[in-house]
Amino acid sequence: MSKREVIGAKYKTCQESEKELLADILDNFPQTFNSEKAKSFSGDFQFLIECDNQIEQFVIKVRNTQFDILPNSFSKNPYLNIECSFEMFTNITLNQFSPILDILSGKIKLDKGLFSLLRFAKFGALFSNRETDLHLPIELHHPAHWEKPQKILLVNGSPRKNASTKVMLDWFKEGLPVENTEVIDVSSLKMNKCLHCFRCWTDNPNDCVLDDDGTLFRDKITSADLIVFFVPLSWASMPSDMKKAMERLMPETTPYFYENKNWHGTAHPLHPYQKPQAFLQFLVWGFPERKHGKILEATFNEWATHSQKKNLGAIARPGVNTILSDPRLHKARKIIKEAIRQTAKSVYETGKIPKKQKKIIEKQYLDLNDWRFFATKYWVNKFKTDYWNRSTSVA
């Protein structure tokens, strides 16, 4: 048992006064100080702790890899004021608390609104060996220069595992390093819908109350450096399983609102365990025109705002079923496949979608009236009833 855990045990059994235990805790602080993370940092953390029905005031002064604890002191310009009970202060030092819930409930009082949360996260980084245990919100900053992703996740959002969406995914995968790439089929996940209970915000930050594959999906998303979503258009939106999976990513965010200047709008801060990530959309549908995918792109653009993931853009393959099935488009299929493979390689190496390859992938290779005729004929041949022949006249 560590010294801090011993102190916590003492408190729970009331073997010493709170004031004596506070002195023990402060004596132990040098063991938790992370001087590496304190480089170039200067600031005073001022505490007001209720001990034995009295207020104990002290300042933890940090100056570039060095710190001092000043009992009964007052800072004229503190980096952060923190006010709480002795019990809560003990829990903070033991990493046995829920900052978001405790701050919202008033058990921990800070003095600078949302800005103070980021400063409280700084305190956790300087005086904890487990920074991520604090689960405090941050704003991500993406590297100025692209770094090749070490872990790539390809998400098949189609309800049919081996349909046209999967073909596009397989072609894209050919342009990526095999050892860095993983594929997940959303339709194979046993996952309940999000309850919108917000207990991932209030009860246990970052954890969902549903014990199913939704947690697995979120863990896969969180650990990847590059995510490529392969999503078919389904009734002017994404398929229901894909939408359900996206909603299960809510625990990534925190219940705060602030102005994210990178995205020019209001957003949720994230937890400190999260790293800068990038994602790409590969959208497919049966209609021949490119404009049908606008609503899907808008959905992913909005998700980028709240998830703070870098949106590399969208690639679309309209009329995908025709491309894959029409024998007249045999040469076009080969050209598109190679363009997709080259696009994957470029995205991996540079983080950019090459304009030339994108144009090839999204090109309409049949006359629209020709496409409409053969698409209609395709479905007529599948009819198992004469209902349509009796009730509808198809020109």
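Values quoted throughout were computed directly from the atomic coordinates according to the rules given, and no laboratory measurement underlies them. All figures in this text were calculated on a predicted structure; none of them were measured in a lab. Using ideal geometry, Cβ is built from the backbone for each residue, glycine included, and neighbour counts are taken over all protein chains shown.
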In segment 64-110, what chymotrypsin sites (Phe, Trp or Tyr not before Pro) fall in a loop by DSSP, with at most 16 other Cβ atoms inside 10 Å?
Phe74
Under the definition of Cα pairs under 8 Å and six or more residues apart, what whole-number percent is the relative contact order of the chain?
13 percent
Straight-line reach only, C-alpha to C-alpha below 17 angstrom: list the aspartates and glutamates that Lys39 could link to, leaving out same-chain residues fewer than 8 apart.
Asp68, Glu131
Long-range alpha-carbon pairs in the chain, meaning those over 29 Å apart, account in percent for 55 percent
The chain - charge dipole about Cα centre, Lys and Arg +1 at Cβ, Asp and Glu -1, debye rounded to 20
2780 debye
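Hey, how much of the P(r) for segment 330-372 falls beyond 16 Å, as a percent of Cα pairs?
For segment 330-372, the fraction of Cα-Cα distances above 16 Å is 41 percent.
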1/(1 + (r/R0)^6) with r = Cβ-Cβ of Asp111 and Tyr378, R0 = 56 Å, i.e. FRET efficiency to nearest 0.05, evaluates to 0.25
Could you tell me which trypsin sites (Lys or Arg not before Pro) in segment 310-346 are loop residues by DSSP with no more than 14 other beta carbons within 10 angstrom of their beta carbon?
none
Two-decimal ratio, segment 152-364, of alpha-carbon radius of gyration to 2.2 N^0.38 Å:
1.03
On a 27 Å Cα-Cα criterion, which of the cross-link pairs Lys220/Lys352; Lys173/Lys363; Lys109/Lys309; Lys356/Lys377; Lys173/Lys275; Lys148/Lys294 come out too long?
Lys109/Lys309; Lys356/Lys377; Lys148/Lys294
Would you calculate a helix-derived [θ] at 222 nm for the chain, using -39,500 (n - 2.57) for each DSSP H run of n ≥ 4 and dividing by the full residue count, to the nearest 500?
-11000 deg cm²/dmol
I need the trypsin sites (Lys or Arg not before Pro) found in segment 43-84, filtered to DSSP loop residues with at most 11 other beta carbons within 10 Å of theirs.
Lys76
